[in-house]
1. Look at residue B:129 and say whether it is part of a helix (DSSP H, G or I), in contact with a helix residue (DSSP H, G or I) (Cβ under 9 Å, 6 or more places away or on another chain) and at pLDDT 90 or above.
2. Within region B:146-156, is there a residue that is in contact (Cβ under 8 Å) with a residue 60 or more places away in the chain and more than 10 Å from chain A (Cβ to nearest Cβ)?
3. Restricting attention to region A:89-97, does a residue exist that is touching a residue at least 24 places away in the same chain (Cβ under 8 Å) and in contact with a Gly (Cβ under 7 Å, 6 or more places away or on another chain)?
4. For region A:154-168, check the following and say yes or no: at least one residue is in a helix (DSSP H, G or I), of a type outside the set (A, V, I, L, M), closer than 24 Å to residue B:174 by Cβ and at pLDDT below 90.
5. Touching a helix residue (DSSP H, G or I) at 6+ places or on another chain (Cβ under 7 Å), at negative phi, of a type outside the set (S, T, N, Q) and part of a helix (DSSP H, G or I): does that describe residue A:82?
6. Which one of A:23, A:35, A:27 is at pLDDT below 85, assigned to a helix (DSSP H, G or I), surrounded by fewer than 18 Cβ atoms within 10 Å (Cβ to Cβ) and not aromatic (Phe, Trp, Tyr)?
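The values are calculated or read from the model by the stated rules, or taken from the named source; none is laboratory data. The structure displayed is predicted, hence computed values, not measured ones. When we count neighbours, we look across all protein chains shown, and the Cβ atoms used for this are built from the backbone with ideal geometry, even at glycine.
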Amino acid sequence: MTALSALIRRDIRIALRVGGGALIGVLFFLTVVVLMPFAVGPDLALLSRLGPAILWLGALLASLLTLDRLFMADHEDGSLDLITMSRTPLELACAAKALAHWLAAGLPLIVATPVLGLLLNLDMVATAAVALTLLAGTPALTFTGMIGAALAVTLHRGGLLMAVLVLPLSIPVLIFGVAASQAVIVGPMNFGAPFSILCALSLVSLVIGPFAAAASLRHGLD
Amino acid sequence: MSLIDLANPTRFLALSARLLPWLAGATIILLAIGLYQSALAPDDYQQGATVKIMFIHVPNAWLSMFVWGVMSIASLGTLVWRHPLADVAAKAAAPIGASFTFLALLTGSLWGRPMWGTYWEWDARLTSVLILFLMYLGLMALWRAVDDPSRAARAAAVLTLVGAINLPIIKFSVDWWNTLHQPASVMRMGGSTLDKSFLIPLLVMAIAFTLLFVTLHLAAMRNEILRRRVRSLQMMQASRVAFSSELSTGSREENASKGAA
């Protein structure tokens, strides 16, 4: 337990200090959202209708881009080998790393959401809804994306290939995240059904992600 | 002969060489019968002759999912039993599965043009098949991205199994997202709603396409094994050439620095 909490604390510290990329994710999120009005035009009504979708896409891309390095830095300095050889089960260590990554890179996105909601002309309720769905859904993005990160480090490849592999897996999260936010904003569906499914997806990926990532690390590292 | 005996590639090559002509023959005969029966099948009272696209479209769509199943079993073979042919099977199946998926999409959109008035509709089934196609392409890209086959095999196996768990979830979510396609009509509770004059040719075509897949898959596996042999022979040749030139010039350091450069 202490090993896991030490791992989490270490990862968060590395992510937040100089050289860590966690806060760049927020900056990227902001930039993507700012780009959107240039693409669709400065129509506030349209922007508020597209708002949840834009915020979700931005969060998806931001978490994908920061995930790329989840195992890569540890592999380069050799600490990944120590983690694989330690007595802590690799599955738990992977889960701890993903949790740390979510705390350092995912939570700031959710904190930034109200400001971005303001830019997209979302009202208070809508912004709260998007932030809540992001809170429930981004763990799923992190934990499925971790599989891609583990594949990336075993193949010494990253970037586009990983994005191509991981993005289709995140479609369900996107669907239910946007659906739950839209249910609050325009109705007529209730918020509960898609939101519960979104939580279920997060829980499922919490189980699958660490196992798949650990399997890929165990088989792929030499 | 059990599955373990086939671990020897030479034995597999010998067996598949004996099986392939029979499989190919059976495929051709069944395809001919199926196509003939499909041509004779009556026109639909609503859809007219376009209903006959179904006889190609539905087997392709079934196989697009079936092939992923085959690849998942092969991936288990790679990760759990370390069967040497499992990664060959998985690698050979991916392009074939992608082709079936693409044909299902293509025939579907050709059918959609007269029926729905558009080639592409963001309907749930079409969309989930498109995502399946994207995942096939991603998997093929993964195979191509790494030159060491066993390393690529293990990564692809993990991804295939994750896909096998995720594909039903994706299918369910996309269904939830939007649905316009007709509900499943051949396999469902309370028997098939399809008339016999359509059902029999469809089943014949389904069996013929499955045989087609088995034939193509065996042939592709043979090619993959032979390709790997050629590659290892080339590597041996290259190392022999390098070694002999090293001996003839006599100065090892000079050659080593040349090799490094």
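1. On the way: part of a helix (DSSP H, G or I): yes; in contact with a helix residue (DSSP H, G or I) (Cβ under 9 Å, 6 or more places away or on another chain): yes; at pLDDT 90 or above: no.
The answer is no for residue B:129.
2. yes
3. No; the residues of region A:89-97 include none that is touching a residue at least 24 places away in the same chain (Cβ under 8 Å) and in contact with a Gly (Cβ under 7 Å, 6 or more places away or on another chain).
4. Here is the first cut: in region A:154-168, the residues in a helix (DSSP H, G or I) are A:154-155, A:160-168.
Adding the requirement that they be of a type outside the set (A, V, I, L, M) leaves A:154, A:168.
Going one step further and asking which of them are closer than 24 Å to residue B:174 by Cβ, we end up with A:168.
Then drop every residue that is not at pLDDT below 90, which leaves A:168.
Yes, region A:154-168 has at least one match.
5. Working: touching a helix residue (DSSP H, G or I) at 6+ places or on another chain (Cβ under 7 Å): no; at negative phi: yes; of a type outside the set (S, T, N, Q): yes; part of a helix (DSSP H, G or I): yes.
Here the answer is no, as residue A:82 does not meet what is asked.
6. On the way: A:35 fails: at pLDDT below 85; A:27 fails: at pLDDT below 85.
The match here is A:23.
Each row is one residue, and each column tells you yes or no for (1) touching a residue at least 40 places away in the same chain (Cβ under 8 Å); (2) among the hydroxyl-bearing types (Ser, Thr, Tyr); (3) more than 22 Å from residue A:170 (Cα to Cα).
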{"position": "A:11", "(1), (2), (3)": "yes, no, yes"}
{"position": "A:25", "(1), (2), (3)": "yes, no, no"}
{"position": "A:32", "(1), (2), (3)": "no, no, no"}
{"position": "A:35", "(1), (2), (3)": "no, no, yes"}
{"position": "A:56", "(1), (2), (3)": "yes, no, no"}
{"position": "A:64", "(1), (2), (3)": "yes, no, no"}
{"position": "A:86", "(1), (2), (3)": "yes, yes, yes"}
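Yes/no matrix, rows are residues, columns are (1) aliphatic (A, V, I, L, M); (2) assigned to a helix (DSSP H, G or I):
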site	(1), (2)
A:183	yes, yes
A:189	yes, no
A:193	yes, yes
A:196	no, yes
A:199	no, yes
A:203	yes, yes
A:207	yes, yes
A:211	no, yes
A:214	yes, yes
